[in-house]
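Everything below concerns the one structure shown next.
The values are calculated or read from the model by the stated rules, or taken from the named source; none is laboratory data. Owing to the predicted nature of the structure, the values given are computational and were not obtained by experimental measurement. Cβ atoms come from the backbone with ideal geometry, glycine included; neighbour counts cover every protein chain shown. Areas reflect the complete protein model, heavy atoms only, side chains present, ligands, DNA and RNA absent. Shrake-Rupley method; radii C 1.70, N 1.55, O 1.52, S 1.80 Å.
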Amino acid sequence: PRAPAGMGDVPEPCPQAPLAVLSKVELRVSCKHLLDRDTLNKSDPCVLLLMQTQGQWMEVDRSEVIKSNLNPVFAKIFTVDYYFEEVQKLRFEVYDSHGQAGVGTHDDDFLGGMECTVGQIVAQKRVTKPLFLKYGKFAGKSTITIISEEISGNNGYVELAFRAKKLDDKDLFSKSDPFLEIYRIDDDRSEQLVYRTEVVKNNLSPIWEPFKVSLNSLCSCEEKRKLRCVVWDYDSRGKHDFIGEFFTTFEEMQKAMGENKVQWDCMNPKYKIKKRNYKNSGVVVLLDLKIHRVYSFLDYIMGGCQIHFTVAIDFTASNGDPRNSCSLHYINPYQPNEYLKALVAVGEICQDYDSDKKFSALGFGARIPPKYEVSHDFAINFNPDNDECEGIQGVVESYQSCLPKIQLYGPTNVAPIISKVARVAADEERTKEASQYFILLILTDGVVTDMADTREAIVRASYLPMSIIIVGVGNADFTDMQILDGDDGVLRSPKGEPVLRDIVQFVPFREFKNVSGAA
C-alpha cells in the first residue's frame, strides 16, 4: 500500500493483502552546478551514500569518480532495501576526488551533502534538493537529483559484450579514446543512463569489457523499449567529443545470442546532413548476450512448488507440569494455551501454500511410551511410519491426546529435528525439480542445550530447500534464539563456517500474542 502524494497519514493496509515488507529500490544520482574546488581544471566529483543505523551514519556505497565535471551524471546505480514500515534515513555526500589518494573527506574537498528518507524518494520517484556545506550553508547553486525505481519481481539480468570497428578519429596526433554509453528512453521521453563502459585508449576498433545490467535497469523489463547508445571520444578535461549514436531495443539485442552478432551503424546526424557520401562514423557490434533469470520465491510457488510443513513442539520439563495452570502446556478447557495459540497463528498462514494440508508433527525432550525413554524427534500421533496430521486442527488434536501419555523431561536438544527435516529436504534437492520446499516450525520455551550441534545443523540446512521458524513461547531468556536468527551478524558453525542463506526467523510470541491476526 502506498500513501497518495500529499497525504500525511498512511491508510491502514487492508488485512487481506499480505504485506510485501521488503522491496529493493535502485537509485540513480546526478548533480548540477557543483562548486569548483580545483584551480586549474574542474572538480572530479564522487558521491558517497550513507545510511543511518542506531543514530550513526555508515557509508553503504560510493559512485565512480567523474573527471572534471560540475554537472555529473553518475553511472553507478545504488541498490537499497526498502522497508515500507520503517523510516530509513539516507545521506548523500559529494566530494572532489584526488587521483590515487581516493576520496578525501577533508572540508576543502567536500562539495555538499543532502539528507532524505528512502520513503520520500520512493513516493516522489524523483527528488531534486540543494546541497549544503557544513553548518547549513548552501553550496552555491549546487543541486543533487535522485531518481528511484522499485525493482519488479522479474529481476533477471543480462550480460553484454560490445566492440566497435573503424570509428571516426577525433584526435590530431593520436587515435580516438572511445567509450560507450547506453541510455534507456522512458515514457516521458527522459533518458536514464544505464551503463558507461571503460575508456579504451588510442584505438578506433575498441573491444570493451563485458558487463552485467539488470533487465529492470536496461529496459524496465520491456523488450520493445527504445535504447539510445552513444560513442564518445574521451577527453581528460571533461569535454568529450561526440563520435556517433544508434538506437536499438533489448528485443533486437537478443539476436546476438549463440553464434550470432548484431551490428549497428554509429551515426553522427550533423555529418549525415553535411556530407553527401556519408555512410557512418564506424559500426558497433554486440558480440554476445547472455540472459540470467533470477527467480523469486513467488515464481517457484506459482510454478507449482509445494510447501511441506513440519511442527516441532518442546516437551521439556522447564515448561511446567501440564496439570498445573502455570504451565505453558496447561490444558485449559476454556482457552488454548500458549503453545496452541502460537501453533495456530503461524500454521494458518503456512497452510495456504500446502496443497495436501498434511503436517508432520513432532515432539522433543520427553519420555515417551512404551519404555519411557527420552526422545528428541517422536511423532506426536505415535505413528513412526506416518507422522502427518490432517491440517492444523489435526495437529491440535494429536497434541492434546499426546500430552497425558508422555512425561516432560529434557534436555532441550533441537539439532536432531533439524537434521531429520534436512534429510528429507536433501532427498528433494537431489531430484533437481524444485517441487518441494520444507518449513520447520519449532515451538520452544527458550534455552537450547545442544547449541553447538544446532548451529552446525543450521549451517548444513542452509544449503537445502528449507527454512526454520522458531517461536519462543513464555517469558524465558531467548538470547540463544536471537543468535540462531543471525540478524545481528552471520550465524556460523562451531568451526566458523557461515550459513549459505539466512534460513532462521525467530519470533518471541509474547510480543505478538495480543495483536491482530493480520499483524
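Computed values, structure above
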item	result
Sites matching trypsin sites (Lys or Arg not before Pro) across segment 198-227 that sit in DSSP coil, with at most 14 neighbouring C-beta atoms within 10 Å	201, 224
Segment 390-475 shape via C-alpha gyration tensor axes, a/c threshold 1.5	oblate
Rounded to 10°, Cα long-axis angle of helix 391-402 versus longest principal axis of the chain	30 degrees
Segment 423-519, accessible area per residue, ligands and nucleic acids excluded (1.4 Å, Å²)	51 Å²
Interchain or long-range residues, amide H under 5 Å from residue 162's placed H	208, 287
Whether segment 157-292 is rounded, prolate or oblate, judged on the alpha carbon gyration tensor where a/c under 1.5 counts as rounded	prolate
Rounded accessible area of residue 326 (nearest 10 Å², 1.4 Å probe)	110 Å²
Label-to-label distance, nm, for residues given as residue 357 and residue 482 (7 Å Cα→Cβ offset)	4.0 nm
Order of exposure, largest accessible area first, which applies to 95, 157 with probe 1.4 Å	157, 95
Of 320, 458, 292, farthest towards positive along the dipole that unit charges on Lys, Arg, Asp, Glu beta carbons give the chain	292
Residue-normalised accessible area of segment 157-292, given per residue in Å² at a 1.4 Å probe	54 Å²
Sequence of 46, 221 when ordered by accessible area, the most exposed leading, probe 1.4 angstrom	221, 46
Gyration tensor verdict on the chain (Cα atoms; rounded if a/c is under 1.5, prolate if a/b is larger than b/c, oblate otherwise)	prolate
Nearest 10 degrees, 0 to 90: helix 415-431 Cα axis against the chain principal axis	50 degrees
Sulfur and carbon atoms: percent of accessible area, the chain [1.4 Å]	52 percent
Ranking by accessible area, most exposed first, for 133, 340, 40 with a 1.4 Å probe	40, 133, 340
Label-point separation in nm, residue 123 to residue 501, each point 7 Å along Cα→Cβ	3.4 nm
Computed [θ] at 222 nm, deg cm²/dmol, the chain (DSSP H ≥ 4; -39,500 (n - 2.57); rounded to nearest 500)	-4500 deg cm²/dmol
Nearest 10 degrees, 0 to 90: helix 451-461 Cα axis against the chain principal axis	50 degrees
Rounded FRET efficiency, nearest 0.05, which uses the C-beta distance separating residue 299 from residue 212 and R0 of 22 Å	0.65
With DNA, RNA and ligands ignored, accessible area of residue 286 (1.4 Å probe; Å², nearest 10)	0 Å²
Estimated vicinal HN-Hα couplings, Hz - segment 23-28 in sequence order (Karplus 6.51, -1.76, 1.60; Gly, Pro = x)	9, 9, 10, 9, 10, 10
Cut-off under 5 Å, modelled amide H: who pairs with residue 142 long-range	131
